[in-house]
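First comes the structure, then the notes that go with it.
The values are calculated or read from the model by the stated rules, or taken from the named source; none is laboratory data. All figures in this text were calculated on a predicted structure; none of them were measured in a lab. Because the Cβ atoms are built from the backbone with ideal geometry, glycine has one as well, and the counts that use them run over all protein chains shown.
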Amino acid sequence: MNRSKSLQSHPLQSLPFRIGVDVLFAITLILLMATGVQENFAHEWLGMAAFLLFVVHQVQHESWWKALFRGKYNGFRILKTLVVACLSICFLGLVASSLILSREVFSWLPMIYGSFWARPVHLLFSHWAFLLAFVHAGLCLPKITSRFEVFSYANGLSDLDSSKKQSHSSSRQNHAHAIYQRRISALFKVKTIISYALHIALVLLGIVYAFELNLTEYLIPQTDFFFAGSNLSLVERCVPYLFIGLGTYSLIWSLTPLFKKSSLTIFQTAILQKFQRE
């Protein structure tokens, strides 16, 4: 018990640090996809940074690995485990192919022959790792964001409850509190609609850029690299991958309630039922 508390209080396990690592990891992946052989030096060092951030992420979630063979597996847990397994395989393939293809970071290693398979493997696994990382985020982040929204929603209704008890004798004030409660619920619904509208827009933009870059061609084995837009600036090359990543995250985030009922819906329903009874 004390050990678990000490782990949670460790700076590596703090929520801001964990979010910071994940955000840096996402930015690094986008930069990696936008560079390639055009900026080989930067690409290889960014790859090292991405691998280190990936390792830190695993250390931060060591409890997940320890519980891998414990408890029951439902469909949602199986899906998340498969995504993590595939993402880990992709990174192992990227590390192996990087050792062969490297001309900067691992140039001190003796020459390893095998570029005939390393190039298509690196190309294939890099695109799958990029997509799976945002799929993983879409499956896991709703749990975090829902906690914040439930907390703010519950605070609003608890404030309403305390003020309601203080003014229980006044029917006029009770009527005002009822109006206030409806406004809170309406505001929450508006925020939900705006959130889903934003996610739909990101999904559509991601699809447009995915077709523009012929992304599906890179999700099957190929023998050669192909770089589109090599005459574009780094920012112009990052923008498509940014929206592809955000679109992937938004799509999975929107579909998550189909795999597992959202904790936000459960808490919101419970809170509303409590106040309706009163």
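List of remarks:
- Residues located in the range 37-84, provided they are under 22 Å from PRO257 (Cα atoms), free of Cβ contacts under 8 Å to residues at least 24 places away in the same chain and assigned to a helix (DSSP H, G or I): TRP64, ARG77, ILE78, THR81, LEU82
- Whichever residue in the range 170-191 is in contact with a helix residue (DSSP H, G or I) (Cβ under 9 Å, 6 or more places away or on another chain) and closer than 30 Å to VAL135 by Cα and, among such residues, is modelled with the lowest pLDDT: PHE188
- Selection within the range 228-240: residues that are out of contact with any Gly (no Cβ under 9 Å at 6 or more places or on another chain) and not in a helix (DSSP H, G or I). The member of this set that is modelled with the lowest pLDDT is ALA228.
- Filtered residue count, the range 45-95, keeping only those that are hydrophobic (A, V, I, L, M, F, W, C), more than 15 Å from the chain's Cα centre (by Cα) and farther than 16 Å from PHE130 by Cβ: 15
- Residue match in the range 213-227 (condition: in a helix (DSSP H, G or I), buried (at least 18 other Cβ atoms within 10 Å of the Cβ), among the hydrophobic types (A, V, I, L, M, F, W, C) and modelled with pLDDT of 95 or more): no
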